[in-house]
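Have a look at the structure below before the remarks.
Computed from the coordinates by the stated procedures, all read-outs in this text should not be read as laboratory data. Since the model is a prediction, treat every value here as computed from it, not as a measurement. So basically every Cβ, Gly included, is an ideal-geometry build from the backbone, and we count neighbours across all protein chains shown.
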Amino acid sequence: MTNEEIIKIFQNSKALLEGHFKLRSGLHSNRFFQAALLLQYPNLAEQVCVELAKQFADVKIETVISPAVGGLIVGQEMGRALKVRAIFADKVNDELVLKRGFKFKPGEKVLIAEDVITRGGRVQQTIDLVRSLGAEVVGIGVLVDRSGGQATFDIPHKSLIKLELETYNPAECALCKAGLQIDTPGSKS
Ligand code: ZN
């Protein structure tokens, strides 16, 4: 699949919109992105994760782990594509913990799967968790890297696409100045 074809899938599912948006941060942008809007369609989730899993064809992986909540579907689909088990870490007081009876054996080869990285904090927490439990992180796969190259780990991560999201202060927003109507697609109301 080409980069354009992948972007098309995100656009068709409305996970990626072009226009004039007010983000949760209050900043304005010409793009809106919400991975869950693609992942709500299991066939599309499978399709993009099969594509991401191809990048790990040469890596020996025993288990996929993903951080709750955003990573869960990606972890599940990556596990399916790689034919290994998929587990997840729960978030408790902003820490990641392994619950529900999930365990690693010593030295187990683990792939971390996540939907989106922006600053990479959640992936780093997952790396730390896996290592603290005596397993080995052998790869990191994310659907969308929004970090603009800012998120780095001591194991290189692979992404399906890199997405630049320009943001503007409302006072300086050219789209506002042009009188474009603004949408708030991420709002809870
Ligand atoms: Zn604006």
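Hey, got a sec? Which trypsin sites (Lys or Arg not before Pro) in the stretch 40-95 land in a DSSP loop and have at most 13 other Cβ atoms within 10 Å?
Within the stretch 40-95, the qualifying trypsin sites (Lys or Arg not before Pro) (loop, at most 13 other Cβ atoms within 10 Å) are K60, K83.
Size check on the chain: the Cα extents along the three principal axes, sorted descending, read 59, 37, 30 Å. Restricting attention to the stretch 88-189, lysine pairs at least eight places apart or on different chains and with alpha-carbon atoms under 21 angstrom apart total 4.
The simple spin-label model puts a point 7 Å past each Cα toward its Cβ; for E5 and N93 those points are separated by 4.8 nm. Determine the shape class of the stretch 1-92: with a ≥ b ≥ c the square roots of the Cα gyration tensor eigenvalues, call it rounded for a/c under 1.5, and otherwise prolate if a/b is greater than b/c, oblate otherwise. Oblate. Taking only the Cα atoms of the stretch 137-189, the radius of gyration and Dmax are 16.5, 49 Å.
Computed from the Cβ-Cβ distance with R0 of 30 Å, the FRET efficiency linking Y41 to K109 stands at 0.50. In the stretch 39-125, the convex hull through the Cα atoms has an average projected area of 6.1 nm², a quarter of its surface area. GNM remark for the chain: springs join alpha carbons under 10 Å apart, and the peak mean-square fluctuation among Q150, Q34, Q124 falls on Q150. For S66, the amide hydrogen comes within under 5 Å of the amide hydrogens of I87, F88, A89, A113, counting only partners 5 or more places away or on other chains and with H modelled in the peptide plane. Which residue fluctuates most in the GNM of the chain (Cα springs below 10 Å): N169, N43, N12? Result for the chain, Cα springs under 10 Å: N169 fluctuates most. Across the stretch 1-109, the mean sequence separation of Cα contacts (distance under 8 Å, 6 or more residues apart), normalised by length, yields a relative contact order of 18 percent. Out of the trypsin sites (Lys or Arg not before Pro) in the stretch 118-189, which ones are loop residues according to DSSP with at most 16 other C-beta atoms within 10 Å? Filter output for the stretch 118-189: R119, K188.
Have a look at the DSSP beta bridges in the stretch 3-174 and tell me what percent are antiparallel, nearest 5.
30 percent
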